[in-house]
Amino acid sequence: MKKDFLTLLDVDAGELEALLAEAERLKALRREGRSHALLQGKSLGMIFEKASTRTRVSFEAGMHDLGGHALFLNPSDLQIGRGELARDTARVLSRYVSAVMIRAYKHTTIEEFARYASVPVINGLSDIAHPCQVLADLMTLKEHFSSLKDLRLAWIGDGNNVCNTLLMASAHTGLDLRVACPPGYQPPQRIVEEALSHGAHLTFCKTAEEAADGAHALYTDVWVSMGNEAEREARLRAFQGYTITTEIVNRAEPDAIVMHCLPAHRGEEITDEVIEGPQSVVWDQAENRLHAQKALLVRLLH
């Protein structure tokens with residue numbers, strides 16, 4: 001039976017722990033220059049409805065490292081861009097490639113694709129979830145703190161797809177997640193309830209300051225994501241007071257780290273001083289997309 005990776009709930013706590021351990025192993029092999037061509041002869045089709053830097057390059061480089069091949073598939077170059085049903089494209093691509101990664105506007109698009117594909121389907125980003133990003137985030141946290149259990153992570157800003165996925169991560173890892181979002185921008189209640197039903201440790205805070213107090217890690221993302229451009233002015237007003245500044249960082253633990261999944265709008269959700277500061281690990285996060293996704297690809301295809 002094929003396996004997909006659409007949300008973190010597609011793996012259990014034990015599988016997640018094994019994925020992170022494999023990511024650490026593959027990272028060490030790459031840094032030592034040792035061959036790990038575990039996916040020789042395998043191919044990954046990559047469909048991008050949304051623009052990408054980290055997702056595209058990390059998956060392409062990862063498949064190369066593993067001895068496989070990645071194909072960049074722009075919807076405007078495919079028949080799906082001219083009205084072919086996702087289910088039809090899924091069935092056709094399944095005859096050509098070993099797996100498909102999709103970066104889509106709507107989560108339902110990825111779900112339909114997975115329903116009809118006979119090869120593994122990976123969610124490279126949707127409006128609901130960003131599980132590949134959070135794999136890299138958990139890997140980064142483990143590198144700095146060893147254990148994730150009871151680690152206090154403050155999410156400050158928009159209750160978006162990354163935030164949603166961190167809720168699920170809390171359920172799997174024991175992460176103590178503190179969420180501070182402006183009114184009207186909290187994560188969807190159904191996702192909160194689902195995370196709680198799986199054992200997530202969640203605290204909803206009214207202010208950035210409250211979330212940051214005593215935190216081991218501070219995390220934010222852009223306030224205006226792709227697809228929300230028409231809401232820009234309203235969002236900039238609503239998110240005033242939710243910028244991660246030096247003052248906010250100083251409320252956290254002395255060894256706290258600052259995280260951002262990039263791209264960053266400096267001066268909005270995070271200041272230039274903080275993202276370039278000594279507590280920033282955003283470049284480690286970006287690098288770890290490569291290693292975490294390689295571990296995922298090996299799990300699905302090896």
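Return the residues of the stretch 189-205 that are on the phi < 0 side of the Ramachandran plot and in contact with a helix residue (DSSP H, G or I) (Cβ under 7 Å, 6 or more places away or on another chain); say none if nothing qualifies. Ile191, Val192, Ala195, His198, Ala200, His201, Leu202, Cys205, listed by residue number.
Scanning the stretch 44-83 for residues that are of a type in the set (Val, Ile, Thr), under 16 Å from Gln293 (Cβ atoms) and touching a Ser or Thr at 6+ places or on another chain (Cβ under 9 Å) turns up just one, Ile47.
So, Asp213, is that one in contact (Cβ under 8 Å) with a residue 12 or more places away in the chain, of a type in the set (Asp, Glu) and within 29 Å of Thr89 (Cα to Cα) or not? So Asp213 does not fit the description; no.
Screening Val121 on (1) touching a strand residue (DSSP E or B) at 6+ places or on another chain (Cβ under 7 Å); (2) within 30 Å of Thr271 (Cβ to Cβ); (3) not small (Gly, Ala, Ser) shows it passes everything except condition (2).
Looking across the stretch 132-183, the residues that are touching a strand residue (DSSP E or B) at 6+ places or on another chain (Cβ under 6 Å) and of a type outside the set (A, V, I, L, M, F, W, C) come down to His144, Asp150, Arg152, Gly157, Ser170, Asp176, Arg178.
If the condition is being basic (Lys, Arg) and assigned to a helix (DSSP H, G or I), then the stretch 15-43 contributes Arg25, Lys27, Arg30, Arg31. The set of residues in the stretch 165-205 that are among the hydroxyl-bearing types (Ser, Thr, Tyr) and either assigned to a helix (DSSP H, G or I) or surrounded by fewer than 15 Cβ atoms within 10 Å (Cβ to Cβ) (or both) comprises Thr165, Ser170, Thr173, Ser197, Thr203. The selection criterion, being over 26 Å from Lys206 (Cα atoms) and not assigned by TED's automatic domain parsing to the domain that holds Leu39, does not hold for Pro263. Test Ser98 against the stated conditions and say whether it is small (Gly, Ala, Ser) and crowded, with 20+ Cβ neighbours inside 10 Å. In short, no. When restricted to residues that are in contact (Cβ under 8 Å) with a residue 24 or more places away in the chain, under 27 Å from Leu26 (Cβ atoms) and in contact with a strand residue (DSSP E or B) (Cβ under 7 Å, 6 or more places away or on another chain), the stretch 57-84 contains 8. With respect to the stated conditions, Thr140 is more than 24 Å from Pro188 (Cα to Cα) and not basic (Lys, Arg).
The residues listed here are Ser126, Ser118; of these, the one that is surrounded by fewer than 17 Cβ atoms within 10 Å (Cβ to Cβ), polar (S, T, N, Q) and in the same structural domain as Arg103 (by TED's automatic domain parsing) is Ser118. In the stretch 244-297, the qualifying residues are those that are under 18 Å from the mean Cα position of the chain (by Cα) and of a type in the set (Val, Ile, Thr), and the one that is surrounded by the most Cβ atoms within 10 Å (Cβ to Cβ) is Ile257.
The values are calculated or read from the model by the stated rules, or taken from the named source; none is laboratory data. It should be emphasised that the depicted structure is a prediction, and the values quoted were computed from it without experimental measurement. So basically every Cβ, Gly included, is an ideal-geometry build from the backbone, and we count neighbours across all protein chains shown.
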